[in-house]
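All remarks here apply to the structure that follows.
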Amino acid sequence: MPPFEPVLLEAIGTPESHTLASYRSRGGYAPFEKLLAEKQPTEVIELVKSAGLRGRGGAGFPTGVKWGFLPKDHPGPIYLCVNADESEPGTFNNRILMEDDPHQVIEGTMISSYATRATTAYIYLRYEYPQAWDRLQAAIDEAYAAGLLGKNIKGSDFSLDIYLHRGAAAYICGEETGLIESIEGKRAWPRIKPPFPAIEGVFRKPTVVNNVETMACVSQIARRGPEWFRSIGVPADPENPRDPGSYGPKLYCLSGHVEKPGCYEAPLGITLRQLVDEYGGGVWKGRKAKAAIPGGISMGLMTEAEFDTPLDFKGPGTVGCMGLGTAAVVVIDETVSIVDFLHNSCRFFAHESCGQCTPCREGTSWNLRILERIRAGKGRLKDLEILLENGNAMGMMPGSTICGLADGAAWPIKNAINKFRDEFEDYIKRTNPEGWMVTDPVPALQIVGAH
Amino acid sequence: MPTVIVDGREIEIGADERLNCIEAARRAGAEIPHYCWHPGLSVVASCRMCLVEVGTRDAETGQTSMIPKLVPACQTPAKDGTVIVTESEKVKDSRARVEEALLIDHPIDCPICDKAGECLLQDYHFEHGQPERRADIHAFTSKKRDMGPTVTLFADRCIMCTRCVRFTREVAGTGELMVNARGSKEEIDVFPGYPLENKLSGNVVDLCPVGALGDKDFLYQQRVWFLKREAGVCGGCSAGCSIQTEHTQDTVYRLKPRENLHVNKWWICDEGRYGWHHLHDPSRLVEAKRRTASSDADSVEWADIVTGLKADLTTSVSGDGRLAVAVSPMLTVEEAWMLCSVAREIDPQALLAVGYVPTQGEDESFPGGFTIRGEKCPNRVGVEHVIAAFDPSVPRWESLLEVVERGECTAAWITAAYPPAGGRPATEVGSWIDEATAARFAKLREQSAGCLIVQDMFDSPLASQANWLLPSAGFAERSGTWINHGQWAQSFERAIRAPSGVWPEGRLLWNMLERRGLYDPNVIRREAAAASPALAALAEDLPSVGLDLRLQQLATS
């Protein structure tokens, strides 16, 4: 077993780890009570800033900085939303935290609420997590019963209510403004930004949206201190003043064609190869890896040759992936057709596009239909051009959509075709010897849709 | 003054104006294509057709720095130093891409689509689209379903701009429409059991930039390129909404709202929108008739009417006779002015009263700031101003009825021209005047020289008693000026000619005043403005959106 001692996952596997008693016995809630008694909210923000914590939800935005965007001296209410709509394919670290150590998440929520002066926190839970729902609700009830939640907590003038909100199973609800719309009871169509949630969020009030794992990290920073947190991971590049570094432990979700899939805690900056070999027991069945998704399907694709890339907030970007994302690594072995992989990816995004912006709504379904046709043996080389063009044109980065879903839909296309172009061309020429060179529009397949 | 730079041209905007880049660019003559943005609705920035390059020019250094990605013009405020580039290759490429995306699932059934000819998808594709299709070719399908009593949805033509959804939520306040499903499968729909049924429902058809929402009243009736458009004013209530009358060959096919921020913004109500059918009602009066003691209802020629009316009235009021005139609030200011002038020429003591003012319920306001008035006539205020110039006491319909009932007048000239209530066929609804009220004219008939002139669009208990029954014009057949409940005056030209056999009131009165040539409402309007301080603002030609009479009244008082 690797040398790193798990912190976020320390209680996983111990009996009754989800209970308040277990959490207390590990020193839980004492840091919260101490901060509440001794520190001002601004000091707590500084504490988190000094730890260099970056959001674990995917974008990697520095958490303390995000809190600092809230308007000063706002009359309130200010809201905190914990994003537990963990829907990125391959990702399940939030689930483990919520099911087996919910108090760690709730303490982080309390500390974050205190720091941001939020008096109401919503935990937006994805529909498909019934056990997480039960455990979180039980933990919240325990916290109320222990006087850790409610009015004037522990005799202070800080009050906090936490509500558990269960979504209705849509990927887009994980986008922070989609999540906010959904909490408000509306269709989860992401909002146009600015205004950002810190200025205008839930019910048009200042709002912070943070990931479940971020909350757990906040608990640990409060317990072990920012110096401990900074001692782990990859320090900031001194040459680049805009690099906030990649500090702290990270929960990597390893799945796909490895011997031992699972959620592993490791310092940020571990390479993909280390993760697969040292934690995952190598590629399964003695086969070789072909590629891997570095952090959820929307981050793109790494080839086997790129496996030595460190999985920190900077690493995947150096090999053409979008970023670290949710650090959900899915390994694909040499027997998998990359055409099938891309088809599956396109099917997911066509199904989950919320349908607000034209380029994403129409683009994702167009991409899917092209892939369907290629797999039906009717592909053309021109299709690859169209797919790449669509991939380059859709998303927040070129500016053609409101939220990042389209970027996530585009990245697997760009990576798969650019990195495995030969395989696509071979497949198309082999399966469609008569028509691979056609450039005029062809009749559509009669396909059953993605639903 | 803040300066905005559009495609290199500098334009100044007002210091307190809050314009987005679409509006600012339009000032500079650059049209940025857009589907989802509408000035009367919230901004969603979802169609992505209006993407442009935007930057800022530093006031001190003059350096321009551009945002590296495209931004939606609808959502980007135009401020001092904002640089907008609407025609770069990047922008054109993005537009072509959006057009291409919108057409992937569109049935392209323009030959059978009512919107063809006024469809933004067509226009923008022609202007900004790619010449060739790259997406796969689909077999034609059609998904058509009812949204409610007025609107049909062609779901596959929809481009999901959600203007209609936002309209029902933000302006009508009824929220019947929603977006169902997700991604490319999503569709506009109503909630089960709650059809699109509100008093402003027709506006969603105007808002629809493509052929997805069809107006059942207009569906398959006429090709839009055959329609001629005349700016008009709705005569349905005292709100006086600006409209566009769309017609061909003297037949109205539909009414649409005309943007007028002072009156109706971008909307009209369904009652007004569909309130033109009475113009072509087969039961409409189209023949002038004269009834004498010896003959019953002979038709007469208009040339004879001009002289005959005058002769009859003069005879009737000779001695101690008196003429009573009801000036209908359906008449224009000019027609009312001429009517009063003619009446006073014949009988200087003539009673000039405001005609019957139809009302129906209370004023009804909507969240979007639109109000349907309970007073179902367009020009009560204008008629009052006209009468006040002749008789400051401004007698009402009721006092005219009392005078007639007591037999204190020997002649009565009742102008009416009321459309059937509720916009329904005339044969289905009662007349504006009931039998009992008509019976109050009994004494007039008993007098040997008694003369009753009725000018109306439909038969009524009063019309059947008339010595002179003259058909009157409908709202789209008149020219002149109406003044709405809030003293807002708007002039308009007739859209269609009155049916054969009908002289609009203006033409008859113009001839009775022995004016030369064709009826010209502008001449009368200027005369009225010169004679009446209340109408002084009408001396000049009115702007297309009309003007507020109160400003001039304040200035002169």
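Bear in mind that the values in this text are calculations on the coordinates, not laboratory data. Since the model is a prediction, treat every value here as computed from it, not as a measurement. With ideal geometry, Cβ positions are generated from the backbone for all residues, glycine too; neighbour counts draw on all protein chains shown.
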In degrees, nearest ten, helix B:89-104 long axis to first principal axis of chain B (Cα): 70
Within chain A, longest stretch clear of exposed trypsin sites (Lys or Arg not before Pro) (DSSP loop, no more than 14 other Cβ within 10 Å): A:289-451
Amide H partners (placed H, <5 Å) of B:Gly148, local residues excluded: B:Leu196
Cα extents of region B:3-87 along the three principal axes, largest first (Å): 36, 28, 19
Charge context of A:Asn432, other residues only, Cβ under 13 angstrom, K/R +1, D/E -1: +3
Shielding score for B:468-477, defined as the mean number of other chain Cβ atoms within 10 Å: 0
Cα-based reach from A:Lys151 at 24 Å (exclusive), listing lysines while leaving out same-chain residues under 8 positions away: A:Lys34, A:Lys39, A:Lys72, A:Lys205
Selection of chymotrypsin sites (Phe, Trp or Tyr not before Pro), region B:115-147, meeting DSSP coil and at most 13 other Cβ within 10 Å: B:Phe140
Qualifying lysines (Cα of each under 27 Å from Cα of B:Lys289; at least 8 residues distant if same chain): B:Lys310, B:Lys443
Amide proton proximity set for B:Ile188, modelled H, under 5 Å, gap of 5+: B:Asn180
Kirkwood hydrodynamic radius (C-alpha pairs) into Stokes-Einstein, chain A, 10 °C and 1.306 mPa s, D in µm²/s: 70
FRET efficiency, B:Glu87 to A:Thr14 (Cβ-Cβ, R0 51 Å, nearest 0.05): 0.20
Qualifying trypsin sites (Lys or Arg not before Pro) for region B:1-79 [loop in DSSP, other Cβ within 10 Å: at most 15]: B:Arg18, B:Lys69, B:Lys79
Helix-only CD estimate at 222 nm, as mean residue ellipticity for chain B, using -39500 (n - 2.57) per DSSP H run (n ≥ 4): -7000 deg cm²/dmol
Residue exposure sequence - B:Met512, B:Met66, B:Met178 - by fewest surrounding Cβ within 10 Å: B:Met66, B:Met178, B:Met512
Sites B:Val224 and A:Ala169, calculated FRET efficiency, Cβ-Cβ separation with R0 30 Å, nearest 0.05: 0.10
Cα-based equivalent ellipsoid, the protein assembly as shown: semi-axes from gyration tensor eigenvalues, Å: 73, 32, 24
Within chain A, helix-based [θ] at 222 nm, where runs of 4 or more DSSP H residues each add -39,500 (n - 2.57), nearest 500: -11500 deg cm²/dmol
Per-residue ³J(HN,Hα) for region B:35-45, Karplus 6.51 cos²θ - 1.76 cosθ + 1.60, θ = phi - 60°, Hz, x for Gly and Pro: 10, 7, 6, 9, x, x, 10, 5, 8, 10, 6
For region A:319-326, Karplus couplings with θ = phi - 60° (6.51, -1.76, 1.60), whole Hz, Gly/Pro x: 10, x, 7, 6, x, 6, x, 8
When each of B:Lys90/B:Lys256; A:Lys193/A:Lys382; A:Lys382/B:Lys185; A:Lys66/A:Lys186; A:Lys314/B:Lys69 is checked by Cα-Cα distance, pairs over 29 Å: B:Lys90/B:Lys256; A:Lys193/A:Lys382
Inter-probe distance in nm under a simple model that places probes 7 Å from Cα toward Cβ, at B:Phe140 and B:Glu60: 6.5
Largest-first ellipsoid semi-axes for chain B, taking √(5λ) over the Cα gyration tensor eigenvalues, angstrom: 52, 27, 19
Cα long-axis angle, helix A:421-431 against chain A (0 to 90 degrees, to the nearest 10): 50
Length gained when the stretch B:Val429-B:His262 is fully extended (0.36 nm per residue, less Cα-Cα span): 56.8 nm
Proxy reagent accessibility, fewest Cβ within 10 Å first, across B:Asp206, B:Asp7: B:Asp7, B:Asp206
Surrounding net charge for B:Arg525, when Lys and Arg each add one and Asp and Glu each subtract one, Cβ distance under 14 Å: -4
Amide H contacts under 5 Å for B:Ile243, placed H, 5+ residues apart: B:Gly232, B:Val233, B:Cys234, B:Arg258
C-alpha long axis of helix B:521-531 to longest principal axis of chain B, angle in °: 70
Exposure proxy ranking, count of Cβ atoms within 10 Å, fewest first, for B:Asp520, B:Asp16, B:Asp270: B:Asp16, B:Asp520, B:Asp270
Cut-off 15 Å between beta-carbons: net charge of the residues surrounding A:Pro71, Lys and Arg +1, Asp and Glu -1: +3
Vicinal HN-Hα couplings computed from phi for region B:486-498 (Karplus, 6.51 cos²θ - 1.76 cosθ + 1.60; Hz; Gly/Pro x): x, 6, 9, 9, 9, 9, 8, 9, 5, 8, 10, 7, 5
Label-point separation in nm, A:Asn152 to B:Glu362, each point 7 Å along Cα→Cβ: 4.7
